[in-house]
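**Q** Submitted below is the structure of interest, expressed as structure tokens.
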Amino acid sequence: MEFFCYHRDRAGSTPIRAEMVEEHWSYMDRFELIARGPTFLDDDTLTGSVHVVDLPDAAAARAFVFEEPCYQAGAYRDVLLRRTSWTRHADPAEGCLVLGFLPRPEPYSGLPAPPAGLFGSGPLLSDDGTMLLGVAALAASPDDVLSPDRFTAVEVHRWQPGGRR
């Protein structure tokens, strides 16, 4: 099963994250990551960390997000964890993370064809995978990624592909 994870940084946590970079990468080296990378403000302040990972079940996904060293050290204020069915559309490059949330869950029967300019995307699903709660996309630009008439809340975060440098 694939899971979308977005650890959102606590205000002022950049020093903790900087101290923990090797522990974070060593931890992530244990997993097969489908997509990953940090999010930033326009001034390059870290705001979070995206991971799309294939794990056996929801319990393993919860362990993955809550045992992450930066989470354990208190760097994150919260975690968005949702089952997904991730599609890689192109080689990732710096761009943005776009999250869209539906006003209410609806039965999941697949997503429409994605717009051009996506590096990857996937539904944000209920734990049993039957209900669509929203959509996540890694894109070159936030323009026209998610239809504003369908989503009540859309978040856009500057993003870059991650991993060991």
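**Q** Scan Arg36, Arg30, Arg62 and give me the residue that is touching a residue at least 24 places away in the same chain (Cβ under 8 Å) and not hydroxyl-bearing (Ser, Thr, Tyr). Walk me through it before giving the result.
**A** Details: Arg30 fails: touching a residue at least 24 places away in the same chain (Cβ under 8 Å); Arg62 fails: touching a residue at least 24 places away in the same chain (Cβ under 8 Å).
Matching residue, one of Arg36, Arg30, Arg62: Arg36.
**Q** Then there's this: Could you tell me which residue of the stretch 67-115 is farthest from Asp29 (Cα to Cα), considering only residues that are assigned to a loop (DSSP other than H, G, I, E, B), touching a residue at least 24 places away in the same chain (Cβ under 8 Å) and among the hydrophobic types (A, V, I, L, M, F, W, C)?
**A** Within the stretch 67-115, the subset assigned to a loop (DSSP other than H, G, I, E, B) is 67-68, 73-75, 85-86, 89-94, 108-115.
Then drop every residue that is not touching a residue at least 24 places away in the same chain (Cβ under 8 Å), which leaves 67-68, 73-75, 85-86, 89-94, 108, 111, 114-115.
Narrowing further to those that are among the hydrophobic types (A, V, I, L, M, F, W, C): 73, 75, 86, 90, 93, 111.
On the way: Ala73: 19, Ala75: 19, Trp86: 20, Ala90: 23, Ala93: 21, Leu111: 31 Å.
So, considering only residues that are assigned to a loop (DSSP other than H, G, I, E, B), touching a residue at least 24 places away in the same chain (Cβ under 8 Å) and among the hydrophobic types (A, V, I, L, M, F, W, C), the one farthest from Asp29 (Cα to Cα) is Leu111.
**Q** Quick check on my filter: what residues within the stretch 50-75 are surrounded by 12 or more Cβ atoms within 10 Å (Cβ to Cβ), among the small types (Gly, Ala, Ser) and within 16 Å of Ser13 (Cα to Cα)?
**A** Ala73, Ala75 - these are the residues of the stretch 50-75 that are surrounded by 12 or more Cβ atoms within 10 Å (Cβ to Cβ), among the small types (Gly, Ala, Ser) and within 16 Å of Ser13 (Cα to Cα).
**Q** Filter the stretch 116-165 down to the residues that are among the aliphatic types (A, V, I, L, M) and exposed (fewer than 14 other Cβ atoms within 10 Å of the Cβ) and list them by number.
**A** First, pick out the residues of the stretch 116-165 that are among the aliphatic types (A, V, I, L, M): 116, 118, 124-125, 131-133, 135-140, 145-146, 153-154, 156.
Those that are among the aliphatic types (A, V, I, L, M) and exposed (fewer than 14 other Cβ atoms within 10 Å of the Cβ): Ala116, Ala153.
**Q** While we're looking at this one, here's another question. List every residue pair whose Cβ atoms lie under 8 Å apart, where the two residues are 6 or more positions apart in sequence or sit on different chains, the first residue falls within the stretch 1-23 and is in a helix (DSSP H, G or I), and the second residue, located anywhere, is of a type in the set (Val, Ile, Thr).
**A** Thr14/Thr45
**Q** Starting from the stretch 143-165, keep only residues that are hydrophobic (A, V, I, L, M, F, W, C), then list their pairs with residues that are at pLDDT below 85 whose Cβ atoms are within a distance under 8 Å, requiring at least 6 positions of separation or different chains.
**A** Once the first residue is hydrophobic (A, V, I, L, M, F, W, C) and sits in the stretch 143-165, its partners that are at pLDDT below 85 give Val145/Pro115; Val154/Leu146; Val154/Pro148.
The values are calculated or read from the model by the stated rules, or taken from the named source; none is laboratory data. Predicted model only: the values in this text are computed from it and were never measured. Methodologically, a virtual Cβ is constructed for each residue, glycine included, from the backbone with ideal geometry; neighbour enumeration extends over all protein chains shown.
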